[in-house]
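The values are calculated or read from the model by the stated rules, or taken from the named source; none is laboratory data. Because the structure is predicted, anything quoted here is derived from the model rather than measured. Heads up, the Cβs are rebuilt from the backbone with ideal geometry, glycines too, and the neighbour counts pull from every protein chain shown. The protein model used for the area step is the full one, side chains on, heavy atoms only, and it has no ligands, DNA or RNA in it. Shrake-Rupley method; radii C 1.70, N 1.55, O 1.52, S 1.80 Å.
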Amino acid sequence: MSAKSIMIITWLGHSCFKIQTSNAIILTDPYDNGIGIRLPKVTADLVLVSHDHDDHSNVAAVSGTPYVASSPGEYEVRGVFAHGLSAFHDNSNGSERGVSTLFRIEAEDMKLVHLGDLGQTKLTDEQFEHCNGADILFIPVGGHNTIDAKAAVDIITQLEPRIVIPMHYKIPGLDAKRFPIDGIETFIKQMGVATGSQEDKLKIVKKDLPQEETKVVILKPAA
């Protein structure tokens, strides 16, 4: 497999990831600096916005002329396929925080699923089918604004992805008053895995995906 097939995933903090493929750069949920951490300078070809809250939709901060996908639907940019499906931002059918979009991304012969600000503790059948078979799952774990660690573990157990990358949890600098969310330790305890060392980036090709069990990868925020 050529070096061009390597996918590089960098966490920019909160729910924002830079996903580099051989043909494109995908960015998820860019945030406004008002949340307490600062979004690094970043260029993208495709920006996926799960919902319009300012901690997920600061498209103006992204350089280049990216295509912006901010609603359910099917998208294709530079050989990358993305399919968005609606979900609820809370566990009350959206009555508290509205809706969010789950994005399935297909690139480098792998399937990635970004759950946005998922607030439902259980997936519908349609959402399960949308997310099932994920090689890499980006899942919120901090609670309060999203599902908490326990609900995240339940969904991970249901979907059985190859790799899990937790997001949307307490990190240094994040406005604690606005985001009274749990740290990564709560998820690690619920998941029952050793903390290990945090990685700066995840570099992955399909042939190196774990085959026997789900691997938890904790990334250092580059913000």
Residue satisfying all of: in the stretch 21-33; open to solvent by less than 50 Å² (accessible area, probe 1.4 Å) and free of Cβ contacts under 8 Å to residues at least 60 places away in the same chain; nearest to LYS177 (Cα to Cα) among these: TYR31
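Which residues, counting only those in the stretch 200-222, are open to solvent by less than 60 Å² (accessible area, probe 1.4 Å) and touching a Leu at 6+ places or on another chain (Cβ under 8 Å)?
LEU202, VAL217, LEU219, PRO221, ALA222
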Qualifying positions in the stretch 108-134 - in a strand (DSSP E or B), open to solvent by less than 10 Å² (accessible area, probe 1.4 Å) and out of contact with any helix residue (DSSP H, G or I) (no Cβ under 7 Å at 6 or more places or on another chain): LEU112, HIS114
Count of residues meeting criterion [farther than 15 Å from LYS111 by Cα and in a strand (DSSP E or B)] in the stretch 204-223: 3
Residue in the stretch 177-184 that is of a type outside the set (Gly, Ala, Ser), within 18 Å of the chain's Cα centre (by Cα) and assigned to a strand (DSSP E or B) present: no
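Does at least one position in the stretch 135-144 carry a residue that is open to solvent by 10 Å² or more (accessible area, probe 1.4 Å), over 21 Å from MET110 (Cα atoms) and free of Cβ contacts under 8 Å to residues at least 40 places away in the same chain?
Step one: list which residues in the stretch 135-144 are open to solvent by 10 Å² or more (accessible area, probe 1.4 Å), which gives 135, 144.
Still in the running and over 21 Å from MET110 (Cα atoms): 144.
From what's left, free of Cβ contacts under 8 Å to residues at least 40 places away in the same chain: 144.
Among the residues of the stretch 135-144, at least one is open to solvent by 10 Å² or more (accessible area, probe 1.4 Å), over 21 Å from MET110 (Cα atoms) and free of Cβ contacts under 8 Å to residues at least 40 places away in the same chain, which makes the answer yes.
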